[in-house]
Amino acid sequence: MTGKKTLSIVGASGYAGGEFLRLALSHPHLEVKQVTSRRFAGEPVHFVHPNLRGRTNLKFVPPERLEPVDILVLALPHGVFAREFDRYSALAPILVDLSADFRLKDPELYRRYYGEHPRPDLLGRFVYAVPELYREALKGADWIAGAGCNATATLLGLYPLLKAGVLKPTPIFVTLLISTSAGGAEASPASHHPERAGSLRVYKPTGHRHTAEVVENLPGRPEVHLTAIATDQVRGILMTAQCFVQDGWSERDVWQAYREAYAGEPFVRLVKQKKGVHRYPDPRFVQGTNYADIGFELEEDTGRLVVMTAIDNLVKGTAGHALQALNVRMGWPETLGLDFPGLHP
């Protein structure tokens, strides 16, 4: 264990915390010291996460038994970390939050989508964990705020186009097909199998909370409207955005914007093939991976551009981009612990 950084995960029995644990256990520079759960305290990790059977001997402990570590990952329900910030922040110099508590910098934007913030004095102190956008800031960040999964898919698809000035200043309409695991591990009437299986349910046609992150982090704060549709897939998000390119701009300009923004990015893949079955991004082929597959199609006669992003909501959408951001912060290669290539078929 010499030279490894100690890490504990608060709320490790949930999907986000469990996914971070899965990744951290294979990371060569991390030693997972403790994982917490009130409900499953005393139980072995594999009792909740059977995929980790034989990978660790850790047992869940209640949060009150947490010991100081180098890095503390918080996978708590929204609002909990902010209310108990002083207690948790005293346990580690580096904090990685996977909730929505500190993603936003604008208190008015937070109030509009989430209500009053318990610790508005801390807004803006965390660095948003999207390395493709904030790599330089992450290099010196001791407090890291994981991005929302839907926001991640939307931002990665649209950011290069707005940065390069490809798009007209018109409203952008985003549709998100979202898997069941994005709702978390706690059951609800909407997630009950007989209700969810075989269903395509529009559950948030307007006012989706991740709109705040999208608007705050896109160049020029464009007008963006999100619609969320629940599917019965277990993992994955497919984002499609409808927008319009500037008059006289072509597919070549769109390609150039993406290549300039993502040249050398280890986890962004441009997927736009002229033939074959898999011509555009498909969440199926990024399951379990930290990849974001991005594609597009331009309707030349109208200038309408359809942008597509496929990610695994629990990896690139949550735990994976947070670990990637932590790798940046620690000066480690960004791909450490994140090299799973996905499966086919």
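The values are calculated or read from the model by the stated rules, or taken from the named source; none is laboratory data. Bear in mind the structure is a predicted one, so any value in this text is a computation, not a measurement. Cβ sites come from the backbone with ideal geometry, for glycine too, and all protein chains shown count toward neighbours. Accessible surface is based on the protein model in full, side chains and every heavy atom, while ligands, DNA and RNA are left aside. Shrake-Rupley method; radii C 1.70, N 1.55, O 1.52, S 1.80 Å.
Pairing each residue of the stretch 155-180 that is in a strand (DSSP E or B) with any residue that is of a type in the set (Asp, Glu) and open to solvent by 10 Å² or more (accessible area, probe 1.4 Å), provided the two are 6+ apart or on different chains, yields C-beta distances under 8 Å for ILE172/GLU223. Quick one: is LEU133 in a helix (DSSP H, G or I) and under 19 Å from the mean Cα position of the chain (by Cα)? So LEU133 fits the description; yes. Right, GLU213: open to solvent by 60 Å² or more (accessible area, probe 1.4 Å) and modelled with pLDDT of 95 or more or not? It is false that GLU213 is open to solvent by 60 Å² or more (accessible area, probe 1.4 Å) and modelled with pLDDT of 95 or more.
Taken over the stretch 322-339, the criterion of being surrounded by fewer than 18 Cβ atoms within 10 Å (Cβ to Cβ) and touching a strand residue (DSSP E or B) at 6+ places or on another chain (Cβ under 8 Å) is satisfied by MET330 alone. Taking the listed residues PHE267, PHE244, the one that is modelled with pLDDT of 95 or more and farther than 21 Å from ILE311 by Cα is PHE244, with no other qualifying. When the stretch 219-271 is filtered for residues that are open to solvent by less than 70 Å² (accessible area, probe 1.4 Å), assigned to a helix (DSSP H, G or I) and free of Cβ contacts under 8 Å to residues at least 40 places away in the same chain, only TRP255 remains. Hey, among LEU91, LEU109, LEU76, which residue is out of contact with any helix residue (DSSP H, G or I) (no Cβ under 8 Å at 6 or more places or on another chain), open to solvent by less than 50 Å² (accessible area, probe 1.4 Å) and either under 23 Å from VAL315 (Cβ atoms) or not in a loop (DSSP other than H, G, I, E, B) (or both)? Step by step, each of LEU91, LEU109, LEU76 is checked, and only LEU76 is out of contact with any helix residue (DSSP H, G or I) (no Cβ under 8 Å at 6 or more places or on another chain), open to solvent by less than 50 Å² (accessible area, probe 1.4 Å) and either under 23 Å from VAL315 (Cβ atoms) or not in a loop (DSSP other than H, G, I, E, B) (or both). In the set (1) open to solvent by less than 10 Å² (accessible area, probe 1.4 Å); (2) under 30 Å from LEU30 (Cβ atoms); (3) outside any strand (DSSP E or B), THR318 fails one condition alone, (1). Entry remark, the stretch 286-309: residues being under 25 Å from VAL130 (Cβ atoms) and either hydroxyl-bearing (Ser, Thr, Tyr) or under 17 Å from the mean Cα position of the chain (by Cα) (or both) number 11 in total.
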